[in-house]
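Asker: First the structure, which I've put down as structure tokens, then a few questions once you've had a look.
The values are calculated or read from the model by the stated rules, or taken from the named source; none is laboratory data. Since the structure is predicted, the reported quantities are computational estimates derived from the model, not experimental observations. So basically every Cβ, Gly included, is an ideal-geometry build from the backbone, and we count neighbours across all protein chains shown. Heavy atoms of the whole protein, side chains included, go into the accessibility calculation; ligands, DNA and RNA do not. Shrake-Rupley method; radii C 1.70, N 1.55, O 1.52, S 1.80 Å.
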Amino acid sequence: MTDTIKTQFPLLQQKQNGKPLVYLDSGATTQRPQAVLDAVKHFYEQDNANPHRGAYELGERATAAYEGARAQVASFLNAQKEEVIFTRNATESLNLLAYSWGLHNLKAGDKVVVSILEHHSNLIPWQQVCHAVGAELIFLYTGQDGVIPDEEIEKKITKGVKLVACTHVSNVLGLVSPVEKIAARAHEVGAVMVLDCAQSAPHLKLDVQKLNVDFLAFSGHKLYAPLGIGVLWGRRELLEAMPPFLTGGDMIDSVREQDATWAPLPQKFEAGTQNAGGAVGLAAAIRWIQSIGYETIEKRENDVYRYLWDELAKMPHITLYGTPEGQHCGAVAFNVEGVHPHDVSTILDADAVCVRAGHHCAQPLLTHLGLRACCRASIAVYNTREDVDALANSLQKVRKWLGYGT
Amino acid sequence: MELEQIYTQIITENSRSKEHKYAVKDATQVVEGVNPSCGDEISLQLRVKDGMIEDAAFLGDGCAISQASANIMIDLIKGKSVKEAEHLSNLFLGMIKGEVTDDGQLDELEDAQAFKDISHMPARVKCAVLGWHTLQDAVTKAEKATS
Ligand SMILES: Cc1ncc(COP(=O)(O)O)c(C=O)c1O
């Protein structure tokens with residue numbers, strides 16, 4: 001059966017060892033549809049120049065392509081253009097926040113709250129800024145099921161908390177966090193709320209007017225766009241009050257020997273020549289997503305996600321982590337009894353099935369769950385039930401390779 | 001690379017062996033090794049006396065390849081001199097890098113030759129060398145302690 005979404009992804013048409021490639025690592029990075037590849041190619045073949053720097057027609061076309069991409073992202077998020085900052089990825093967006101907002105707004109004795117679910121990218125920047133200013137880093141813990149209980153939110157987000165940073169969707173367990181409750185509580189105590197949308201943007205419609213957060217970050221490459229382009233969105237008044245993160249070309253108003261003044265938003269945060277080709281690719285990815293629609297995406301993905309969970313849950317010697325309850329997207333984490341995740345991934349690879357093995361850049365979460373490492377299968381809109389069948393078939397062979405009877 | 005070449009009987013059996021998994025009594029060197037890509041850690045423990053490795057063992061969890069490699073390594077170095085252990089580790093790492101290919105030379109590595117083809121799987125090389133790199137650290141420390 002040909003799938004009209006999958007066929008738009010050239011990479012997914014290949015075979016490995018004579019077997020169709022089964023890509024179940026979209027949580028790490030997605031593949032790109034032809035429409036995105038074409039848009040990037042068109043930019044470099046027709047419109048490339050240094051955006052904001054060339055006072056000639058080609059330069060103006062490059063600027064228009066880059067600023068057009070910003071407008072596309074802004075409408076995607078239901079935000080204003082000036083509030084959309086292009087970065088390299090979610091990691092850079094979060095570091096920008098930690099160093100620019102964090103270093104200037106946090107002081108000794110303040111509290112910062114993150115959840116134990118965080119990817120290292122939304123943990124280490126806060127950890128380091130807390131070290132630097134003498135603030136305290138506090139964790140929202142989950143139960144063994146990966147869910148943050150309401151009491152935890154009440155108990156930990158209290159007076160003295162200046163910032164709460166939380167992932168929208170866990171990159172390991174695929175669980176959607178109780179963002180509404182966390183954001184409401186954060187604002188009740190006067191804290192700024194940061195949402196890491198790296199794992200939610202590909203699956204859930206993001207609307208900054210409804211999310212009730214102050215900043216959000218995501219990476220283009222997990223959203224069908226090229227590598228090397230990411231987004232930070234922030235409330236205008238907060239961004240305006242922040243000092244620049246990186247300094248240099250393009251982000252200035254005027255420069256004298258001993259000092260300088262900054263360009264208005266968003267240029268203030270975009271130092272140096274920007275990845276215009278990547279931004280154009282991201283805009284194309286957004287148009288592609290919108291042409292399918294989040295409703296369809298959610299419907300398709302929920303079906304495959306449920307099927308994935310149920311198929312693995314049926315298999316002997318497989319342990320699933322997290323819970324089937326509640327809203328999920330993307331990732332399912334599991335282990336095969338007696339087999340290290342790296343061996344599982346090597347054995348699946350022989351059947352051209354790609355899953356990730358390791359700590360998934362979430363070591364504190366794994367430690368909290370009592371794990372060193374696990375396997376993760378993660379899906380995107382192009383995955384089908386056939387991909388899940390291929391995974392399940394291949395998983396059945398794993399223990400035999402390591403000398404177990406069954 | 002075919003799975004048959006990786007998950008051989010030598011490797012799967014060694015990966016599950018508990019023979020060399022314990023804390024060495026009165027250890028003179030305890031050295032931690034980490035594979036940052038997966039977070040696997042081993043603790044290599046030696047008791048060295050007069051330049052000889054009287055006892056050697058390791059603790060930690062990891063994949064079949066890292067566990068089998070460490071187990072075979074301990075088999076090889078126990079009872080040998082620190083100098084010999086150093087020589088064997090150089091030989092093993094030379095084999096993995098493809099610098100030593102002569103079968104006659106590699107014979108000394110006995111069962112550890114089972115990892116010869118791992119260089120075709122770049123993602124797993126770090127697993128195979130974890131124990132041996134840790135051994136090199138331990139050897140350097142043992143030599144410092146006596147000089
Ligand atoms: C939840 C989450 N946050 C942040 C990141 C960092 O993304 P990037 O590596 O693209 O900066 C990831 C990527 O794996 C992620 O899953």
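Asker: Would you mention how many residues in the range A:72-109 are touching a residue at least 12 places away in the same chain (Cβ under 8 Å), away from the ligand (no atom under 16 Å from the Cβ) and small (Gly, Ala, Ser)?
Answerer: Total satisfying the criteria: 5.
Asker: May I pose another question? Does B:Glu41 satisfy the criteria of being away from chain A (no Cβ under 14 Å) and outside any loop (DSSP other than H, G, I, E, B)? Don't jump to the end; show me each part of the working.
Answerer: Values: away from chain A (no Cβ under 14 Å): no; outside any loop (DSSP other than H, G, I, E, B): yes.
Against the criterion (away from chain A (no Cβ under 14 Å) and outside any loop (DSSP other than H, G, I, E, B)), B:Glu41 does not qualify.
Asker: Confirm whether A:Tyr44 is touching a residue at least 60 places away in the same chain (Cβ under 8 Å), within 16 Å of the ligand (Cβ to nearest atom) and aromatic (Phe, Trp, Tyr).
Answerer: No; evaluated as a whole, the condition is false for this residue.
Asker: Restricting the first residue to the range B:1-28 and requiring it to be more than 10 Å from chain A (Cβ to nearest Cβ), which pairs with a second residue that is assigned to a loop (DSSP other than H, G, I, E, B) meet a Cβ separation below 8 Å and a spacing of at least six or different chains?
Answerer: Filtered contacts from the range B:1-28: B:His20/B:Lys78.
Asker: Filter the range A:374-391 down to residues that are of a type outside the set (Ser, Thr, Tyr) and open to solvent by 10 Å² or more (accessible area, probe 1.4 Å) and give me whichever is nearest to the other protein chains (Cβ to nearest Cβ).
Answerer: A:Ala390
Asker: Six or more apart or on different chains, Cβ under 7 Å: which pairs go from a residue in the range A:279-291 that's within 14 Å of A:Gly230 (Cβ to Cβ) and among the hydrophobic types (A, V, I, L, M, F, W, C) to one that's open to solvent by less than 20 Å² (accessible area, probe 1.4 Å) and not in a helix (DSSP H, G or I)? Could you list them?
Answerer: A:Ala279/A:Phe86; A:Ala279/A:Ile229; A:Leu282/A:Ala225; A:Leu282/A:Ile229; A:Ala285/A:Leu223; A:Ala285/A:Tyr224; A:Ala285/A:Ala225
Asker: Another question, if that's okay. So which residues in the range A:316-351 are in contact with a strand residue (DSSP E or B) (Cβ under 7 Å, 6 or more places away or on another chain), away from chain B (no Cβ under 14 Å) and of a type in the set (S, T, N, Q), if there are any at all?
Answerer: A:Thr319, A:Gln327
Asker: Still on this structure, please answer the following. From (1) more than 13 Å from chain A (Cβ to nearest Cβ); (2) in contact with a Lys or Arg (Cβ under 7 Å, 6 or more places away or on another chain), pick out the condition that doesn't hold for B:Leu76.
Answerer: Here B:Leu76 meets the rest and fails (2).
Asker: Give the number of residues within the range B:2-26 that are surrounded by fewer than 18 Cβ atoms within 10 Å (Cβ to Cβ), at negative phi and part of a loop (DSSP other than H, G, I, E, B).
Answerer: Adding up the residues that qualify gives 9.
Asker: Shifting gears a bit: Which one is most open to solvent (accessible area, probe 1.4 Å), of the residues in the range A:121-145 that are of a type in the set (Gly, Ala, Ser) and away from the ligand (no atom under 16 Å from the Cβ)?
Answerer: We begin by selecting, within the range A:121-145, every residue of a type in the set (Gly, Ala, Ser); these are A:121, A:132, A:134-135, A:143.
Next, only the ones that are away from the ligand (no atom under 16 Å from the Cβ) stay: A:132, A:134-135, A:143.
On the way: A:Ala132: 75, A:Gly134: 43, A:Ala135: 16, A:Gly143: 27 Å².
So the residue we want is A:Ala132.
Asker: Of the numbered conditions (1) surrounded by fewer than 19 Cβ atoms within 10 Å (Cβ to Cβ); (2) in a helix (DSSP H, G or I), B:Asn71 satisfies every one except a single condition; which is it?
Answerer: (1)
Asker: So in the range A:193-235, with the set limited to residues that are open to solvent by 10 Å² or more (accessible area, probe 1.4 Å) and among the polar types (S, T, N, Q), which one is nearest to the ligand (Cβ to nearest atom)?
Answerer: Per the criteria, the residue is A:Gln199.
Asker: Continuing with this model, one more query. I need every pair where a residue in the range A:352-366 that is facing chain B (nearest Cβ under 10 Å) and in a strand (DSSP E or B) has its Cβ under 6 Å from the Cβ of a residue that is more than 13 Å from the ligand (Cβ to nearest atom) and among the polar types (S, T, N, Q), sequence separation at least 6 or different chains.
Answerer: A:Ala357/A:Ser345
Asker: Look through the range B:102-147, keep the residues that are of a type in the set (Gly, Ala, Ser) and over 12 Å from the mean Cα position of the chain (by Cα), and return whichever of them is nearest to the other protein chains (Cβ to nearest Cβ).
Answerer: Per the stated criteria, the residue is B:Ala123.
Asker: Looking only at the range B:48-68, count how many residues are surrounded by fewer than 17 Cβ atoms within 10 Å (Cβ to Cβ) and more than 14 Å from every other protein chain (Cβ to nearest Cβ).
Answerer: 5
Asker: Report the residue count in the range A:104-120 for those that are out of contact with any Gly (no Cβ under 8 Å at 6 or more places or on another chain) and open to solvent by 20 Å² or more (accessible area, probe 1.4 Å).
Answerer: 4
Asker: Take A:Ser115 and decide whether it is among the hydroxyl-bearing types (Ser, Thr, Tyr) and closer than 30 Å to A:Thr158 by Cβ.
Answerer: The answer is yes for A:Ser115.
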